[in-house]
1. Check S131, S148, S139, S161 and return the single one that is out of contact with any Pro (no Cβ under 6 Å at 6 or more places or on another chain), assigned to a loop (DSSP other than H, G, I, E, B) and among the small types (G, A, S).
2. Return the only residue of G114, G123, G162, G170 being within 24 Å of the chain's Cα centre (by Cα) and outside the structural domain of R56 (by TED's automatic domain parsing).
3. Give just the number: which of (1) of a type in the set (A, V, I, L, M); (2) in contact with a helix residue (DSSP H, G or I) (Cβ under 6 Å, 6 or more places away or on another chain); (3) assigned to a loop (DSSP other than H, G, I, E, B) does A87 not satisfy?
Amino acid sequence: MQALRLARPRALPRPFLARSIAAASPAHATAAAPVAPHLPPEPIIPLSNVEAQWERLSPDEQLAVHQQLEELQKKDWKTLSIDEKKAAYYVAFGPHGPRAPTHKPGDTVKLLLGTLAGIAVAGGVFAWFRSRAPPPPRSLTKEWEEASNELAREQKMNPISGISSEGYKGKGFVTHK
C-alpha cells in the first residue's frame with residue numbers, strides 16, 4: 001500500500017498550489033498576485049466538448065468535471081451558457097455508466113440471424129425425427145372411427161346426450177374430414 005502511494009502522486013488543486021508557492025518563498029510573496037477566492041477553478045476540458053471526451057477521461061478527471069458543473073449549477077441558470085447547460089445535462093443523464101447502451105449497433109441483426117438459425121435447426125431436427133417415426137396406428141383412420149361410431153350405436157353408448165341419443169347430429173368418434 002505504501003508503494004502505491006509513492007508511485008502515484010496526488011494532483012493538488014490550483015489554489016492550494018498557489019498558496020503553498022507563495023508561502024514557501026516570502027521574498028516573492030509580494031510580487032505574486034493574490035489568488036481570487038471567488039473565481040472558479042480552470043476547467044480540465046472545455047465544457048463545450050464534454051460529450052466527445054467523456055469516455056476518454058480518467059475517473060478523477062470525470063469527478064473534477066462533475067464537481068465543476070455542480071458549482072456552476074449553484075448559480076442562476078439564466079446566466080449559464082448553452083454549452084454549460086448541455087454539459088450538465090450530458091454528465092447527469094448521458095449514455096455512460098449505468099445508462100450506457102447494452103447493445104451495440106449491429107447486435108439486432110445478429111440476434112435476428114441467430115434466432116432464425118435456431119428455428120431452422122429445430123425444424124430440421126423435428127423433420128428428421130418425423131421421418132424416422134413409425135406410421136400412425138390403424139385405429140386413427142377414418143374407416144376405423146366410423147366403425148367405432150357404429151359399434152357405439154349398437155351398444156347404446158351414452159343414450160342421454162351422446163351418439164345413441166335421439167336426434168344426435170354430432171360426428172361421434174370421427175375426427176378426420
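1. Result of the check over S131, S148, S139, S161: S161.
2. Checking each option against the conditions leaves just G114.
3. Of (1) of a type in the set (A, V, I, L, M); (2) in contact with a helix residue (DSSP H, G or I) (Cβ under 6 Å, 6 or more places away or on another chain); (3) assigned to a loop (DSSP other than H, G, I, E, B), only one is false for A87: (3).
The values are calculated or read from the model by the stated rules, or taken from the named source; none is laboratory data. Small disclaimer: the values here were computed from a predicted structure and weren't measured. Neighbour counts run over all protein chains shown; Cβ positions are idealised from the backbone, glycine included.
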